[in-house]
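One structure is given below, encoded as structure tokens.
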Amino acid sequence: MDPITNALNNTLSLTEEEGSVFALPEEAATSSIPTSAHLIFACVLTDNYVHKPNFIEQMSGHWEGCYPAVVSAYGEELFKVSFGCAGDKFRVMNKEPWHFQNHLIVMHSPTALQNVSTNDLIFTPFWVQIYRLPFLSKSKTLARALGNLIGEFLDVYEESLDEGWGPFLRIRIKLPVNKPLPRGEMISLPKVRDEFWIDFWYEHLLEFCFECGYLGHPFEKCIKFMERMDNGNDDDLPYGPWMKGAKLPSTGYDKYQTDFSKGNA
């Protein structure tokens, strides 16, 4: 039962006829204009107040492509973004994650007949740098397996498969924003004797909590952190700025020269 029906049942006593479901014919739900083709919905992941006119003005400029991007408020927390063509929409979504005033913008491309709410905006893509992989272990198969371990694998930066490019494997994944950021993982590989730890560093990572690992609020405003301080527990924070991705290696690298300067085991 949808929230509107729940609200009606809580405030009104529906008759049997009013509570029955009338099934409309299929053609009644088919629009002759594909209005959702170049639309996305967006929200700012923060507990702070978002000044909507500022967001609309700033992001309209950032997202303008071949045609202007029309940004408008949609309900209390969402924004609707209309693009003039599929290429403009693709370019914007391909450059995720976006940020507004140091807060992550979560996007969602709706399907036809979908009633979009904030519950649908729970995933965002990140480029993730994976450190401490054994020498000559990088491969597309490993990238896909690790991507699906962290979230949902989307792509691998192929140059990072070469040992001489840099000390990490770079993959693009879709992450749920309603869970803590994974810091790393103990893994094992065939033909490698011991289990070992790998680190996950996230590119373009701005506001996230050093106490609970969630995106969208600083640790100073985290209830878990404040409760720990009130109890006199001042242990080190379990997360930190070290999870932010490093600058990418410059081009023109030696494909066969290995750099162990950042934890490549």
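The values are calculated or read from the model by the stated rules, or taken from the named source; none is laboratory data. Treat the numbers as computed from the prediction; the structure is a model and nothing was measured. Don't worry about glycine lacking a Cβ; one is built from the backbone with ideal geometry, like all the others, and counts go over all protein chains shown. Just so you know, the surface numbers come from the protein's heavy atoms only, side chains and all, with ligands and any DNA or RNA stripped out. Shrake-Rupley method; radii C 1.70, N 1.55, O 1.52, S 1.80 Å.
Laid out as a table, the results:
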item	result
Entirely in the stretch 71-135, the strands (runs of 3 or more DSSP E) that have 1 or more residues that are of a type in the set (Phe, Trp, Tyr), over 16 Å from the mean Cα position of the chain (by Cα) and within 30 Å of residue 186 (Cα to Cα)	123-131
Pairs where the first residue, in the stretch 50-75, is closer than 22 Å to residue 90 by Cβ and the second is among the hydroxyl-bearing types (Ser, Thr, Tyr) and part of a loop (DSSP other than H, G, I, E, B), C-beta under 9 Å, 6+ apart	none
Hits in the stretch 208-222 (condition: in a loop (DSSP other than H, G, I, E, B) and surrounded by 17 or more Cβ atoms within 10 Å (Cβ to Cβ))	209, 210, 211, 212, 213, 214, 216, 217, 222
Index of the failed condition, residue 199 passing every other in (1) outside any loop (DSSP other than H, G, I, E, B); (2) modelled with pLDDT under 95	(2)
Filtered residue count, the stretch 97-122, keeping only those that are in contact with a Pro (Cβ under 6 Å, 6 or more places away or on another chain) and surrounded by fewer than 19 Cβ atoms within 10 Å (Cβ to Cβ)	1
Among the candidates 57, 27, residue that is open to solvent by 70 Å² or more (accessible area, probe 1.4 Å), at pLDDT below 95 and in a helix (DSSP H, G or I)	27
Of all residues in the stretch 162-196 being under 12 Å from the mean Cα position of the chain (by Cα) and part of a strand (DSSP E or B), the one that is nearest to residue 248 (Cα to Cα)	172
Any hit, the stretch 221-239, residues being among the hydroxyl-bearing types (Ser, Thr, Tyr), modelled with pLDDT of 90 or more and in contact with a helix residue (DSSP H, G or I) (Cβ under 9 Å, 6 or more places away or on another chain)	yes
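Table: residues versus (1) within 20 Å of residue 42 (Cβ to Cβ); (2) without any contact (Cβ under 8 Å) to a residue 40 or more places away in the chain; (3) of a type outside the set (D, E, K, R).
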{"position": "108", "(1), (2), (3)": "yes, no, yes"}
{"position": "126", "(1), (2), (3)": "yes, no, yes"}
{"position": "139", "(1), (2), (3)": "no, yes, yes"}
{"position": "155", "(1), (2), (3)": "no, yes, no"}
